[in-house]
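Peer 1: Dumping the structure here so I can ask a few things about it.
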Amino acid sequence: MADYPASAGRYVQSINLIGYPVQEGYPERPMRRHLLQYFAAEIGLPSDALPELTLRRPARPAGLPTRYATLQAQAGWSVYKNWPRARWEALLGACADIPVFQLGAAGEPPIAGARHDFLGTPLSTAVALVANATLHIGVDSFANHLTHYRWRGDDGALSRTRGVIVWGSTQASAAGYPHNVNISIGLPCQPCFREDPKLSLAPRGPCITPPGQTYDAPKHACLHGLPVERVLAEVRRAWDAAVPVRYWSDRRPR
């Protein structure tokens with residue numbers, strides 16, 4: 001940010017995005033529109049629909065099965081986005097026939113039942129994994145947003161990766177995508193937008209449901225109250241029915 005004024009002068013147009021609707025009362029109030037619609041309005045693009053990026057699908061990393069799922073079990077910005085690790089392990093234990101590859105940083109705790117071949121690999125590898133996956137499973141973090149991309153194959157066909165996403169402190173209607181299964185138990189305190197004070201300038205304090213928590217020992221009811229059986233049912237349904245979401249097939253550049 002310190003270099004932004006000098007860098008911006010080298011371009012015909014530059015935009016310093018705010019994105020979050022502070023003028024509407026965020027984070028004290030839920031967002032009225034999707035984040036992409038707020039971003040689009042700032043940039044000057046039409047914002048009635050959800051803007052999409054269409055990118056060439058990256059090559060599949062070597063050694064992958066024909067069908068597999070990706071898992072992002074941990075978000076960096078807020079512990080209140082995370083489902084307990086034991087729940088993920090119970091989920092994967094109950095669908096051991098699905099090859100699941102965990103995404104994340106090198107120091108992230110490995111989830112038992114997942115493959116860890118790609119933990120700590122570059123972000124570009126994680127993008128390629130999600131782009132070529134049959135299914136993505138996870139929390140509200142970067143891989144959730146990758147499921148909104150449309151990927152163009154070498155034959156010109158477009159597809160996207162479906163996701164099963166669990167929601168805690170954040171807002172599915174503002175940061176989720178309608179082709180995914182977005183799972184929330186819908187507590188009155190959701191979304192609370194509480195964040196880690198080590199990272200956020202507006203952490204809003206520790207979770208109060210139940211009261212008496214600390215950031216270092218979260219027990220947030222929004223995700224600690226989400227049963228494995230509910231997520232398992234959606235993962236199984238999505239995996240068994242998974243067919244690429246295709247739009248058209250041609251070889252013309254778009």
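Only the coordinates and a few stated rules stand behind these numbers; no lab work does. None of the values given here were measured: they were computed from a predicted structure. Every residue, glycine among them, receives a Cβ derived from its backbone with ideal geometry; neighbour counts consider all protein chains shown.
Peer 1: Could you say which residue among P99, P84, P61, P51 is under 16 Å from T147 (Cβ atoms) and touching a residue at least 12 places away in the same chain (Cβ under 8 Å)?
Peer 2: Within the list P99, P84, P61, P51, the selection yields P51.
Peer 1: Could you check how many residues of the range 1-42 are in contact (Cβ under 8 Å) with a residue 12 or more places away in the chain, of a type in the set (D, E, K, R) and either over 26 Å from E195 (Cα atoms) or touching a Leu at 6+ places or on another chain (Cβ under 9 Å) (or both)?
Peer 2: Residues flagged as in contact (Cβ under 8 Å) with a residue 12 or more places away in the chain, of a type in the set (D, E, K, R) and either over 26 Å from E195 (Cα atoms) or touching a Leu at 6+ places or on another chain (Cβ under 9 Å) (or both) within the range 1-42 amount to 1.
Peer 1: OK, next. Kindly establish whether A75 is in a loop (DSSP other than H, G, I, E, B) and not charged (D, E, K, R).
Peer 2: yes
Peer 1: For R162, which of the numbered conditions (1) within 12 Å of the chain's Cα centre (by Cα); (2) closer than 26 Å to D196 by Cβ fails to hold?
Peer 2: Here R162 meets the rest and fails (2).
Peer 1: Another one. Across the range 99-114, what is the number of residues that are touching a strand residue (DSSP E or B) at 6+ places or on another chain (Cβ under 6 Å) and either surrounded by fewer than 21 Cβ atoms within 10 Å (Cβ to Cβ) or closer than 28 Å to P191 by Cβ (or both)?
Peer 2: The qualifying residues number 5.
Peer 1: Pairs only if they're at least six apart or on different chains, beta carbon under 7 angstrom, first in the range 168-193 and under 21 Å from I208 (Cβ atoms), second among the acidic types (D, E) and buried (at least 19 other Cβ atoms within 10 Å of the Cβ); list them, first residue then second.
Peer 2: Sorted first by the residue in the range 168-193, then by its partner, the pairs are T170/D140.
Peer 1: So which residues in the range 194-224 are more than 22 Å from R33 (Cβ to Cβ), charged (D, E, K, R) and touching a residue at least 60 places away in the same chain (Cβ under 8 Å), if there are any at all?
Peer 2: Result: D196, single match.
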